[in-house]
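J.: Input: one structure, supplied below.
The values are calculated or read from the model by the stated rules, or taken from the named source; none is laboratory data. Because the structure is a prediction, the values reported are computed rather than measured. Neighbour counts are summed over all protein chains in view; Cβ atoms, including those assigned to glycine, are modelled from backbone coordinates with ideal geometry. Remember, those area values only see protein heavy atoms, side chains included, never the ligands or the DNA or RNA. Shrake-Rupley method; radii C 1.70, N 1.55, O 1.52, S 1.80 Å.
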Amino acid sequence: MPPYPSLHASHSGIWISGTDGSTQAISKGQAIGRVSETPHILLNAPLMGQRLGYPDLSGLDLLELFAFMYPARFVVPTPAGLAKTLGLKKPEEEAAVGRLYREAAWKMLNGLQADDWIEKEGAWSSAQALHRLRWPWAGELSNRLQKPDEPERWLFSKLVEWEEEAPRPAPKSVILDNAHTLEKLNILTGEGSEERLGQKNYATAVAEIFNPRRIKGAPNMLLAEAGTGIGKTLGYLAPASLWSATAGGAVWISTFTKALQRQLDRETRRIYPDEQTFRKKVVVRKGRENYLCLLNLEDALQGGFTGRAAILAHLVARWAAYSKDGDMIGGDLPGWLTTLFRRNGTTALTDRRGECVYAGCPHFRKCFIEKSSRASQQADIVIANHALVMVNAARGREKQNAPTRLIFDEGHHLFDAADSMFAARLSGQEAIEIRRWVIGPESRNRGRRRGLAARLADVASYDEEGGRAIESARHAAEALPGEAWLTRLSEREPFGPVEALLAEVRNMVFARDESQSADAGYGLETELNDVEGPLIDAVANAAEAIDALLRPLVRLGQRMEHLIEEGPDWMDAPARARMEGALSSLSWRCDTLSGWLALLSRIGGPADPDFVDWLMIDRFEGREYDIGICRHWLDPTIPVTETVTKQAHGVMVTSATLRGGGNWETARARSGAVHLEHAPMEFEVPSPFNYPEQSKVIVVTDVKRGDMPALAGAYAQLIEASGGGTLGLFTAIRRLRTVYARIADRMARSGLPIYAQHVDPIDTGTLVDIFRDDPKASLLGTDALRDGVDVPGNSLRLVVMESVPWPRPDILHRARKLAGGGSAYDDRIIRARLAQAFGRIIRRADDQGHFVILSSAFPSRLFSAFPDGTPIERMPLNDAITEIKAAKTQTVRSGLPRDISFGHESQI
Ligand code: SF4
C-alpha cells in the first residue's frame, strides 16, 4: 500500500484512513490541520475542499492519477465509480471509503508495470516533466516507471497527419423506395428486434426529404414529431445512410446537446460495424473552440503555463496522444479533469480567439480541427450541432462543404440556437476581444497570442497598402476598451469613445431600471428608446471610432483577396491556405463591426420592426461582468431559413416535443417553415409508452410560494419517500442553492447523496454521469437538466419542479409575446418546457415515475402539456409523499432496480 494516509469528506462526515489501516472520524478543523501537514490521498480535491469549507485543499488526487494512467478513458468520479472501473469492492459505508482510496492508489500504481497497460507510451517522459513541476504523484511514478530503451516519440511527431483528398463529386439524384428503407431499418435494429410500426412509418416519411428537389430555394422539408421511445435515431439513420450510400453525398445530423451527439456517435456504429470504415464514414463536428489547439498546447508545455496550469497541460498532452478526435468539451477528455484545476488554463488550450495561423502552424497537418473539417468532406454522416451549422452558413465558411441534406434533431431548440447565433452585442467584453485580436497581448497574458501585424507580417512586407491598412487598424483598435475597463467605468473614468459610450449605457440602465433587481445584484436592462442627450453624443463618437477600425480592415481584406488571386512567388500552398484562413476570420470581425454600426445608427431614430434592441448590464451577485447594447431578431428563424434551410435540398426538423404540447402552427413558427414559399410535410407518431400506467403527475397544493423552509422541507421529504433517484428542477439558481444548503447534510446522513449544478464544482455532464450511476443519488439543477438528461432505468424515478417554468419577463420576451399572441405565446413556451421535463421520467418501456410540481397555482389549462391519458391529481404534500413511498415499495417488490448498462464504461 502507498505510504500515505487518505482523507474522505462528505456531507455526512470526515474520515482519515491511516497507513496502519485504521480509520478515524475527525472534525473539519482536525482534517484541515492534517492535510496541511501531510499529503493525503483523496478524490476530487475541489469537491472535497468545498465539503470541508477549505477551498485550497490539495493532495494526491486519485482523479489526476487516473487521468495520467488512463487518458481518454471513462470513469464516474465517485468512490463507487472508481471502485467499479478499477475492479475493486464498492465500499458499503462512508467510513470505508478512505481505505478504498488507498487500495485504488495501490492498484493504479501497480498498473504502471503491467504488460497490458496500453497507455504506456509517453508516460516516462511525461512523468519526468511532471516531477519538475512538483506534481504530488510524480515521485511515486518515477520510482515505478522504467526509462524506455528508445527515446519516446514526442506527441507532436506521433499524431497522424490528415491527407488531402480530391473534392467529392456532387451527389446523384436518387429516390429511395420504401422497401429498401425498411430493409435498412431492419438491418440497423437487428434480427429479432420487436416490430415497431411507428418507427417504420417514421423512417419512410423521413426518406422523402432525400427526393430530388423541385425548385431552387425550396427544399423538401419535413417537420416530424416522434414521441419518446419510437426509436427516432435509427428511424432517420436508416434512410440517411441509404441515401448517402446510393447517392454518394453526406447527410448532416445536427443536435443541440453534446449528450445526443455522443449518443449518435454510438448509434452510427451500427451502420458501419467495422471500426476503420466507421472512422471514415462518420465524423463528429463541433465549433473550433471545442478542440485542443496543438500550437497552444506546445506553448503551454514549453513554459507558457506555470504551476497547476502547467500540470494540467501535461495531463492534456497525455490525453491528446490517445484521444479519438481532440475534442476537449464533451469528447473523450473527462469533463471532471479541467474542474480539478479550477478551469485554470483550459480556454488558453483551445483556439477560442480565432488566432489560428493555419498553414503557418507547424502542427497544421496534424491539427484536430483541420482533421475533423477535412474528414467531414468525405464522410457519409456528419454529426454536428445547431450552432456550428448556423455559424458556418452565416460566416460563409466551408462553402464547398455546406450541408445539403440536413436533419435537425432536438428541433425544438432550433429557435433558441438561432436566437443566440444571429444576435449582435456591442459590449465591453466583445470589444476587448476585437482589440486583442488586432493589437495582440498588452499585459502579461498567458499563451502565444499575437496581434494582426505579427500574424500577417508577410502581407505587410510584400504589399505596401496592406501594411498601411494593418498599421491603421492597429492604431484605430486603441479606441476600443482595454484591460480594466470595468473598473474605469465604475470609477466614472472611461477611456476612449467606446468606453465613454458604455459608461452612458450604464448610467441609463441604472437610471431607468424599474425591475427592483438593482439591489438584488442580478442583471439589469432597459429598452433602447427615447434616448437623448449624452448617450446620443457618445453613440456618434463611438460609431466614428468603430468606423475608423472597420475601414482599414475592409481594405486589408481586399488586399488579401487580391494577393490570393495574384499568387506571388512566395505564396506556396501553405501560405495561400493561411491567407484564406486569415481572410475568413477577418471577414467575421468586419461583419461584427458592421453589425455594431447598424445597431448604433438606429439609436435616436425609428426602431427596426425586425429587431429588438436594448441596453444591459450583466451582473451576478452584485459583480458586473459586461455592459452593452444588444440586438436580437424578433424572429431568428428568418436568418436561419435564408442562410441554411433554403440553401439545402432536404431538411427535417424532428423532436419528441416539436409542437411543444401545442399544434403544427407552433412547429412551423419555431422551425422557420413559415418563411418558406411552400408548406412543409408534417408527420407525427405518438410514443409507444403506456403513460397512464407508467407515470403520474401530482400538483402539490400546500407548499406556499416564497416559503423557502417549506420548499426545502418538501424536497427533502419527497427525496426520502422516493429513496433518491430524484431530479429537482429549479427556475432560479438562488432558490436551488438555498434548498441545497438546507437539505444536503440531512440527505447525506440518510444515505441519499445530493448533487447540484451551480453548487458542486463539477461540470454538468459529469453530474449526470454520477446521478445515472447511483440510484440513491439525486440531482438538483436548472434549464440544462430539464432538456438534456437521458437517464433510463431506476436512477431517475421522480422529477420535482419547484414552480411553473414561466419565461423570464425580459425585454426580448415581452416583444415576442406581443408579436406572438400574448398569453397564448407564454403558454406555448411553458407547455414545451413541461413536456421536456416530463419526458425525463419515462425513457424505456419498463420505466415508472412521478412528476411533482410544488405549485398550487399551476393552471389546469397547462395540463395538455402531458401525454394523453397521464393521470394528473392535485393533493397535499403528505398525500404525495405517501403515494411516492407506496410506488417505491411496489418497485422494490417487482424486482427493480433494473440493470443499467452503458456502452462507454469499461473495467480496468
Ligand atoms: S492549425 Fe491553428 S488550431 Fe490547429 S494547432 Fe495550429 S494554430 Fe492551433
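J.: Would you please state which residues of the stretch 360-392 a label at ARG450 would reach in this model, taking the label point 7 Å out along Cα→Cβ and a backbone N cut-off of under 15 Å?
T.: 360-364
J.: Output the antiparallel fraction of DSSP beta bridges having both residues in the chain, as a percent to the nearest 5. Walk me through the intermediate numbers first.
T.: Details: 29 of 82 bridges.
Antiparallel: roughly 35 percent of the beta bridges in the chain.
J.: Which listed residue (ILE830, THR85, VAL789) has the Cα farthest towards the positive end of the charge dipole for the chain, taking +1 on Lys and Arg C-beta and -1 on Asp and Glu C-beta about the Cα centre?
T.: In the chain, that residue is THR85.
J.: Can you give the relative contact order of the stretch 593-683 as a percent, counting alpha carbon pairs under 8 Å and 6+ residues apart? Mind dumping the intermediate values first?
T.: On the way: 62 pairs, mean separation 17.2, N = 91.
19 percent.
J.: Before rounding to the nearest 500, sum -39500 (n - 2.57) across all DSSP H runs of length at least 4 in the chain and divide by the residue total; then give [θ] at 222 nm in deg cm²/dmol.
T.: Values: 37 runs with 412 residues, N = 908.
It lands at -14000 deg cm²/dmol.
J.: Now for a separate question. In this model, which of LYS90/LYS281; LYS286/LYS776; LYS172/LYS200; LYS90/LYS158; LYS84/LYS324; LYS184/LYS646 are farther than 31 Å apart at the alpha-carbon? Working shown, then result.
T.: Working: LYS90/LYS281 40 Å; LYS286/LYS776 34 Å; LYS172/LYS200 25 Å; LYS90/LYS158 38 Å; LYS84/LYS324 24 Å; LYS184/LYS646 29 Å.
Checking Cα-Cα distances, LYS90/LYS281; LYS286/LYS776; LYS90/LYS158 exceed 31 Å.
J.: Follow-up. Restrict the search to the stretch 257-330; then list the trypsin sites (Lys or Arg not before Pro) that DSSP places in a loop and that have at most 14 other Cβ atoms within 10 Å of their Cβ.
T.: Details: sites: LYS258, ARG262, ARG266, ARG269, ARG270, ARG279, LYS280, LYS281, ARG285, LYS286, ARG288, ARG308, ARG318, LYS324; in loops: ARG285, LYS286, LYS324.
Here the sparse-neighbourhood loop sites are LYS324.
J.: Over the Cα atoms of the stretch 380-432, compute the convex hull volume and normalise it per residue, giving Å³.
T.: Details: hull volume 5.5 nm³, N = 53.
Per residue, the Cα convex hull of the stretch 380-432 comes to 104 Å³.
J.: With +1 on the Cβ of every Lys and Arg and -1 on the Cβ of every Asp and Glu, and nothing else charged, how large is the dipole of the stretch 45-91 about its Cα centre, in debye rounded to the nearest 20?
T.: On the way: 5 positive and 3 negative charges, 70 e Å.
It comes to approximately 340 debye.
J.: Here's a follow-up. Taking each pair of different alpha-carbon atoms in the stretch 317-468 once, compute 1/r for the pair, average those values, and report the inverse of that mean as the Kirkwood hydrodynamic radius in Å to one decimal.
T.: Kirkwood hydrodynamic radius for the stretch 317-468: 18.6 Å.
J.: Taking 0.36 nm per intervening residue step and subtracting the Cα-Cα distance, what contour gain separates GLN378 from ASN507 on full extension? Don't jump to the answer; show the numbers that get you there.
T.: Details: separation 129, 0.36 × 129 = 46.44 nm, distance 5.37 nm.
Net length gain for the segment: 41.1 nm.
J.: By how many nm would the segment from ASP116 to GLU677 grow when fully extended, if each residue of separation counts as 0.36 nm and the alpha-carbon distance is taken off? Don't skip to the answer; put the middle values down first.
T.: Numbers: separation 561, 0.36 × 561 = 201.96 nm, distance 6.15 nm.
Difference between extended and current length: 195.8 nm.
J.: According to a simple spin-label model (label point 7 Å from Cα along Cα-to-Cβ), what is the distance in nm between VAL531 and TRP106?
T.: For the pair TRP106/VAL531, the computed spacing is 6.9 nm.
J.: Let me ask you something else. Would you kindly state how much longer the chain becomes between ARG266 and ASN211 on full extension, computed as 0.36 nm times their sequence separation minus their alpha carbon distance, in nm to one decimal? It would help to have the intermediate numbers written out before the result.
T.: Details: separation 55, 0.36 × 55 = 19.80 nm, distance 2.73 nm.
So the chain would gain 17.1 nm between ARG266 and ASN211.
J.: Expressed as a whole percentage, what fraction of the accessible surface of the chain belongs to carbon and sulfur atoms when a 1.4 Å probe is rolled over the protein heavy atoms?
T.: Of all accessible area on the chain, carbon and sulfur atoms account for 49 percent.
J.: Can you give the accessible area per residue of the stretch 488-609, in Å², using a 1.4 Å probe?
T.: 50
J.: Taking loop as defined by DSSP and a crowding limit of 13 other beta carbons within 10 Å, which GluC sites (Glu not before Pro) in the stretch 53-141 fit?
T.: Hits after loop and neighbour filter: GLU92, GLU93.
J.: Moving to a separate point now. Quick one: if the Förster radius is 56 Å, what FRET efficiency do SER22 and MET875 give, using the C-beta to C-beta distance and rounding to 0.05? Intermediate values should be presented prior to the final figure.
T.: On the way: r = 51 Å, r/R0 = 0.90.
For SER22 and MET875, the calculated efficiency is 0.65.
J.: What is the magnitude of the charge dipole of the stretch 306-384 about its Cα centre, with +1 placed on the Cβ of each Lys and Arg, -1 on the Cβ of each Asp and Glu, and no other charges, expressed in debye to the nearest 20? Before the final figure, lay out each step's value.
T.: Numbers: 11 positive and 7 negative charges, 61 e Å.
About 300 debye.
J.: Putting +1 on Lys and Arg Cβ atoms and -1 on Asp and Glu Cβ atoms, find which of VAL509, ILE536, SER587 reaches farthest to the positive end of the dipole of the stretch 485-603.
T.: Going by the Cα projections, it comes out as SER587.
J.: State, as an integer percentage, the relative contact order of the chain based on alpha-carbon contacts under 8 Å between residues 6 or more apart.
T.: On the way: 1588 pairs, mean separation 128.5, N = 908.
Averaging sequence separation for qualifying contacts and normalising by length gives 14 percent for the chain.
J.: I need the Kirkwood Rh of the chain: take the reciprocal of the average 1/r across all distinct C-alpha pairs and report it in angstrom. Present the calculation step by step, with values, prior to reporting the outcome.
T.: Details: mean 1/r = 0.0335 Å⁻¹.
Evaluated over the chain, this radius sits at 29.9 Å.
J.: Same structure, new question: Can you compute the charge dipole magnitude of the stretch 57-121 about its Cα centre, using +1 on each Lys and Arg Cβ and -1 on each Asp and Glu Cβ, nothing else charged? Give it in debye, rounded to the nearest 20. Each step should come with its number before you reach the end.
T.: Values: 8 positive and 10 negative charges, 29 e Å.
Dipole size: approximately 140 debye.
J.: Charges on Cβ only, +1 for Lys and Arg, -1 for Asp and Glu, centred on the Cα centroid of the stretch 1-131; of GLY49, PRO39, TYR4, which one is farthest towards the dipole's positive end?
T.: Final value for the positive-end residue is GLY49.
J.: While we're looking at this one, here's another question. Run the simple label-point estimate for ASN186 and GLU642 please: 7 Å along Cα→C-beta, distance reported in nm.
T.: 4.8
J.: Which distance in nm do the two modelled labels at LEU197 and SER515 give, with both placed 7 Å along the Cα-to-Cβ direction?
T.: The modelled label-to-label distance comes out at 5.1 nm.
J.: Over 5 Å intervals from 0, what percent of Cα-Cα pairs in the stretch 735-795 sits in each interval?
T.: 4, 18, 30, 27, 17, 4, 0
J.: Can I ask one more? Taking the Cβ-Cβ separation of SER490 and GLN30 as r and a Förster radius of 30 Å, what is the calculated FRET efficiency to the nearest 0.05? Let's see the in-between values first.
T.: Details: r = 42 Å, r/R0 = 1.41.
Calculated transfer efficiency: 0.10.
J.: Still on this structure: I need to check one value: relative contact order of the stretch 753-897, counting alpha carbon pairs closer than 8 Å and at least 6 residues apart, in percent. Could you put the intermediate results ahead of the total?
T.: Details: 144 pairs, mean separation 34.4, N = 145.
It rounds to 24 percent for the stretch 753-897.
J.: To the nearest 0.05, how large is the calculated FRET efficiency for GLU163 and ARG395 if R₀ is 25 Å and r is the Cβ-Cβ distance? Let's see the in-between values first.
T.: Numbers: r = 26 Å, r/R0 = 1.05.
The value I calculate is 0.45.
J.: Just to confirm, what accessible area per residue do you get for the stretch 717-763 at 1.4 Å probe, in whole Å²? Spell out each step's value before the answer.
T.: Numbers: 1640 Å² over 47 residues.
Per-residue accessible area for the stretch 717-763 comes out at 35 Å².
J.: Go through the stretch 805-890 and name the trypsin sites (Lys or Arg not before Pro) that are in a DSSP coil and have 15 or fewer other Cβ atoms within 10 Å of their Cβ. All intermediate terms of the calculation are to be shown ahead of the outcome.
T.: Working: sites: ARG814, ARG816, LYS817, ARG828, ARG831, ARG833, ARG840, ARG843, ARG844, ARG861, ARG874, LYS885, LYS888; in loops: ARG840, ARG843, ARG844.
Sites meeting the loop and neighbour criteria: ARG844.
J.: Related question: By what distance, in whole Å, do the Cα atoms of the stretch 1-63 stretch along each of the three principal axes, largest value first?
T.: 28, 22, 19
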